[in-house]
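S.K.: Have a look at this one.
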Amino acid sequence: YALVIAIGSPVLMAITARIERKRLLILSFLTFIIGNGIGYFSPDFSILVIARIVQAASASVFTVVALTMGSNLAAPGRQGTAIGTILMGAGTALAVGVPLGTLIGGHWGWRFVFVFIIMLGLLSVIGIAYTVPISKHQESLSLKQQLGVLRNRRIVSGLLITLFWVTGYQMMFTYITPFLQETANLDATRISAALFVSGIFAIAGSRIGGFGSDRWGIFRMLMVSLLFHAAALIVFPWAATTFIGAIMILAIWIGFATMTTPVQQYYLISLSPESSGLALGMNNSIFQLGMAVGAATGGWIVQQTSVMDLGFYGAMSIMLGV
């Protein structure tokens, strides 16, 4: 899933550049629904992999177009807030979707998770059709022309911020269950509860990041979110020794981590407004690459030393971004 997004996002954005944006939102969501239908009927693992490829390709297009349209529809000086609101939806989905998917799968089997997603998807398509206006302006540059944005060193440095920040975050998040088991001796139920609470702070972080970009500026919000993110990772082994301590440090960590997301999106749009779709598509790719690198690096660290060292190395990666 992550690999398809990392490779396919900029390419698909270039291929679909001439399609009107509202129509592209609907087409990408319908393709996502088809992908979930394939998942429901998949007779074996290979077909399920194909379903995931279709889902990832459509989701990568939808995410970039939604963020670009949200920014364009917002009033001047409110673009960051608009992006933060959209990403707050993603944070809500993570906080609610994982336990809800587990509940549905546990009672009716994993195939019915796809059915539930299809139902939500159809409601979303209807909502888009009736509420989103037709786009009067859209990008129609070729892939070669759009790749010219990479000659802008500020865009390249912005993408590197994403890479180091996500890598540092993912080092810890991938192994958060064994980490909390070792530091606070928590069982699966308490870990799930702690992650659910932190999911609420992820929603708040996305909202604050977008609002803060408009109110206090991109640079300040980037510095605050990244520095507090790094500090939370460093103190993690000492703060997460009890259930309450684990909830508190998880809330602070994930709140500041998700605060960076809308700020970064807004930053890249501001650097390349004429080709914002491609810039966001590349950022989406780098985000997924950072998740893969962070998970792999975290696994290597755990194998070489201990799960207790993940916070330190994660913080070092984030400081490279700073």
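The values are calculated or read from the model by the stated rules, or taken from the named source; none is laboratory data. In this text, all values refer to a predicted model and were calculated from it rather than measured experimentally. Using ideal geometry, Cβ is built from the backbone for each residue, glycine included, and neighbour counts are taken over all protein chains shown. Ligands, DNA and RNA are stripped out before the accessible areas are found, and what is left, the full protein with its side chains, is counted by its heavy atoms. Shrake-Rupley method; radii C 1.70, N 1.55, O 1.52, S 1.80 Å.
S.K.: Of the accessible area of region 11-81, with the probe set at 1.4 angstrom, what percent is carbon plus sulfur?
M.R.: Carbon-and-sulfur percentage of accessible area, whole number: 71.
S.K.: About its Cα centre, what dipole magnitude does the chain give when the only charges are +1 on Lys and Arg Cβ and -1 on Asp and Glu Cβ, stated in debye to the nearest 20?
M.R.: About 840 debye.
S.K.: Per residue, what accessible area does the chain have, given a 1.4 Å probe and all protein chains present, in Å²?
M.R.: 49 Å²
S.K.: Taking Cα centroids, how far is region 273-322 from region 220-244 in Å?
M.R.: A separation of 16 Å, based on Cα centres.
S.K.: Further question: Can you tell me how region 1-124 classifies by the Cα gyration tensor, rounded, prolate or oblate, using a/c under 1.5 as the rounded cut?
M.R.: Because a/c hits 1.5 or more and a/b fails to exceed b/c, region 1-124 counts as oblate.
S.K.: What percentage of the solvent-accessible surface of region 196-322, computed with a 1.4 Å probe over protein heavy atoms, is contributed by carbon and sulfur atoms?
M.R.: 74 percent
S.K.: State, to one decimal in nm², a quarter of the convex hull surface area for the C-alpha atoms of region 158-244, i.e. the direction-averaged projected area.
M.R.: For the Cα atoms of region 158-244, the hull's average projected area reads 6.0 nm².
S.K.: Pick from I117, I33, I249: which is most flexible by mean-square fluctuation in a GNM of the chain where alpha carbon atoms under 10 Å apart are linked?
M.R.: Most flexible of the set in this elastic network: I117.
S.K.: Next up: Beta carbons within 10 angstrom, averaged per residue: use that to sort the peptides 57-68, 82-93, highest first.
M.R.: Going from most to least packed, we get 57-68, 82-93.
S.K.: Roughly how much of R220 is accessible, in Å² to the nearest 10, using a 1.4 Å probe?
M.R.: Counting only protein heavy atoms, the figure is 150 Å².
S.K.: Ordered by packing density, taken as the mean number of other Cβ atoms within 10 Å over each peptide's residues, highest first, how do 104-112, 17-25 rank?
M.R.: With the highest mean Cβ count within 10 Å placed first, the list reads 17-25, 104-112.
S.K.: Pop a pseudo-label 7 angstrom from the Cα along the beta-carbon direction at both R18 and R151 and give the gap in nm to one decimal.
M.R.: Spacing of the two 7 Å Cα→Cβ label points: 2.4 nm.
S.K.: Still on this structure, I have one more. Can you bin the chain into rounded, prolate or oblate? Criterion: square roots of the alpha carbon gyration tensor eigenvalues sorted a ≥ b ≥ c, rounded for a/c under 1.5, prolate for a/b above b/c, oblate for the rest.
M.R.: Oblate is the answer for the chain, as a/c is 1.5 or above yet b/c matches or exceeds a/b.
S.K.: Here is a follow-up. Once you have the Cα-Cα distance between I7 and M308, take 0.36 nm times their residue separation minus that, and quote the gain in nm to one decimal.
M.R.: Answer, rounded to one decimal: 105.1 nm.
S.K.: Provide the gained length on full extension for the span H107 to R215, in nm with one decimal, where the gain is 0.36 nm per separating residue minus the Cα-Cα distance.
M.R.: 34.3 nm
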